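Novice: One structure follows; several queries about it will come next.
The values are calculated or read from the model by the stated rules, or taken from the named source; none is laboratory data. All figures in this text were calculated on a predicted structure; none of them were measured in a lab. Here Cβ is always computed from backbone atoms with ideal geometry, including for glycine, and neighbour counts include all displayed protein chains.
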Amino acid sequence: MKRKVLTAFGLLAAFATILFCLALPGSKAQAKTYQIGTDVTYPPFEFANKENKYVGIDIDIIKSIAKEEGFKVNVKPVGFNAAVQSVQSGQLDGIIAGMTITPERKDKFDFGTPYYKTGAVMAVKKGSDITSFKQLKGKKVALKTGTAAADYANSLKKKYGFKTVTFDDSDNMYQDVTTGNSVACFDDQPVLQYGIKHGLKLQIASKPANQGWYGFGVKKRHSQGIN
């Protein structure tokens, strides 16, 4: 899975349009430094390596574009929900964090060129016999605050009668399932596939739904000439 994902993103130069289409000033900005928010535990898109340095596909993309376009970036791994709120409040210039472009988010953000198609899936503890949403009735489901996957799960909550508990990062959400506190969680398919491939004790129990594309986002009407 890792090889397939990394191959899909091998030519990072192809993604220069992500920020170019947002009209970030590039070389005209005289090497201005932009504050970019990202997630903290979302491999293979962003995560801390063994040296505790933040790496991943999104990190490579934003740094490659900055180098190509002649500006600098200060990547801040503040967590997904915090990054979203910080961009909206003007504390950060942009967010690249496996952020799915949705109609609701388009009301608050301007997005660059979409760069990865994804979908939300349900995952359960490895060996669990849960294979359908109906089996969630009366049980607890773990969600990550502010994500498209959480929105999808909440849209099913009333119909299937399950309860939810929220977390600020993926690791704690997954742990809540692997320890048995929750019976399932919802997250983006490629992230779960990568985690499972690398030892995460979960299994995917649904087909991808609410499919969409990841995009780099800035505050609405701030895509031209960010100061």
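Novice: Which of the residues that make up the stretch 101-120 are farther than 23 Å from Gln203 by Cα and surrounded by fewer than 17 Cβ atoms within 10 Å (Cβ to Cβ)? Reasoning before the result, please.
Specialist: Keep residues of the stretch 101-120 that are farther than 23 Å from Gln203 by Cα, which gives 101-115.
Hits for the stretch 101-120 are Thr102, Pro103, Glu104, Lys106, Asp107, Lys108, Thr113, Pro114.
Novice: Being farther than 17 Å from Tyr42 by Cα, among the β-branched types (Val, Ile, Thr) and out of contact with any Leu (no Cβ under 8 Å at 6 or more places or on another chain), is that true of even one residue in the stretch 179-197?
Specialist: Yes - at least one qualifying residue is present in the stretch 179-197.
Novice: Which of the following residues is within 14 Å of the chain's Cα centre (by Cα) and either modelled with pLDDT of 95 or more or of a type in the set (S, T, N, Q) (or both): Ser170, Ser155, Ser182, Ser132?
Specialist: Working: Ser155 fails: within 14 Å of the chain's Cα centre (by Cα); Ser182 fails: within 14 Å of the chain's Cα centre (by Cα); Ser132 fails: within 14 Å of the chain's Cα centre (by Cα).
Among Ser170, Ser155, Ser182, Ser132, only Ser170 is within 14 Å of the chain's Cα centre (by Cα) and either modelled with pLDDT of 95 or more or of a type in the set (S, T, N, Q) (or both).
Novice: Next up: Only one of Ala123, Ala149 is assigned to a helix (DSSP H, G or I), surrounded by 21 or more Cβ atoms within 10 Å (Cβ to Cβ), touching a Phe, Trp or Tyr at 6+ places or on another chain (Cβ under 9 Å) and aliphatic (A, V, I, L, M); which?
Specialist: Details: Ala123 fails: assigned to a helix (DSSP H, G or I).
From the options Ala123, Ala149, the qualifying one is Ala149.
Novice: I'd like to know if the stretch 33-41 contains one or more residues that are farther than 18 Å from Ala97 by Cα, surrounded by fewer than 18 Cβ atoms within 10 Å (Cβ to Cβ), in contact (Cβ under 8 Å) with a residue 40 or more places away in the chain and not assigned by TED's automatic domain parsing to the domain that holds Gly146. Give the derivation first.
Specialist: As a first pass, look at the stretch 33-41 and keep what is farther than 18 Å from Ala97 by Cα: 33.
Going one step further and asking which of them are surrounded by fewer than 18 Cβ atoms within 10 Å (Cβ to Cβ), we end up with 33.
Now drop any that are not in contact (Cβ under 8 Å) with a residue 40 or more places away in the chain, which leaves 33.
Within this subset, residues satisfying the condition of being not assigned by TED's automatic domain parsing to the domain that holds Gly146 are 33.
Yes, the conditions are met somewhere in the stretch 33-41.
Novice: Which of the residues spanning the stretch 128-146 are of a type outside the set (Phe, Trp, Tyr), surrounded by 14 or more Cβ atoms within 10 Å (Cβ to Cβ) and either in a helix (DSSP H, G or I) or touching a Pro at 6+ places or on another chain (Cβ under 8 Å) (or both)?
Specialist: Across the stretch 128-146, the qualifying residues are Gln135, Leu136.
Novice: Are there helices (runs of 4 or more DSSP H) fully within the stretch 7-110 with at least 1 residues that are at pLDDT below 95 and more than 25 Å from Asp151 (Cβ to Cβ)? List them.
Specialist: Working: elements: 17-20, 57-69, 80-89, 103-106.
Output list reads 17-20, 57-69.
Novice: Could you check the stretch 111-129 and list, in sequence order, the residues that are at pLDDT 95 or above, touching a Lys or Arg at 6+ places or on another chain (Cβ under 9 Å) and under 30 Å from Ser89 (Cβ atoms)?
Specialist: The one that is at pLDDT 95 or above, touching a Lys or Arg at 6+ places or on another chain (Cβ under 9 Å) and under 30 Å from Ser89 (Cβ atoms): Gly119.
Novice: Six or more apart or on different chains, Cβ under 9 Å: which pairs go from a residue in the stretch 66-78 that's in contact (Cβ under 8 Å) with a residue 60 or more places away in the chain to one that's part of a strand (DSSP E or B) and surrounded by fewer than 16 Cβ atoms within 10 Å (Cβ to Cβ)? Could you list them?
Specialist: none
Novice: Would you call Lys76 buried (at least 16 other Cβ atoms within 10 Å of the Cβ), assigned by TED's automatic domain parsing to the domain that holds Gly199 and among the basic types (Lys, Arg)?
Specialist: On the way: buried (at least 16 other Cβ atoms within 10 Å of the Cβ): yes; assigned by TED's automatic domain parsing to the domain that holds Gly199: no; among the basic types (Lys, Arg): yes.
When the stated conditions are applied, Lys76 does not pass them.
Novice: Considering only strands (runs of 3 or more DSSP E) fully contained in the stretch 169-227, which possess at least 2 residues that are out of contact with any His (no Cβ under 6 Å at 6 or more places or on another chain) and among the β-branched types (Val, Ile, Thr)?
Specialist: It comes to none.
Novice: Go through the stretch 152-168 residue by residue and tally those that are polar (S, T, N, Q) and part of a helix (DSSP H, G or I). Show your work before the answer.
Specialist: So in the stretch 152-168, the residues polar (S, T, N, Q) come out as 154-155, 164, 166.
Narrowing further to those that are part of a helix (DSSP H, G or I): 154-155.
Within the stretch 152-168, residues that are polar (S, T, N, Q) and part of a helix (DSSP H, G or I) number 2.
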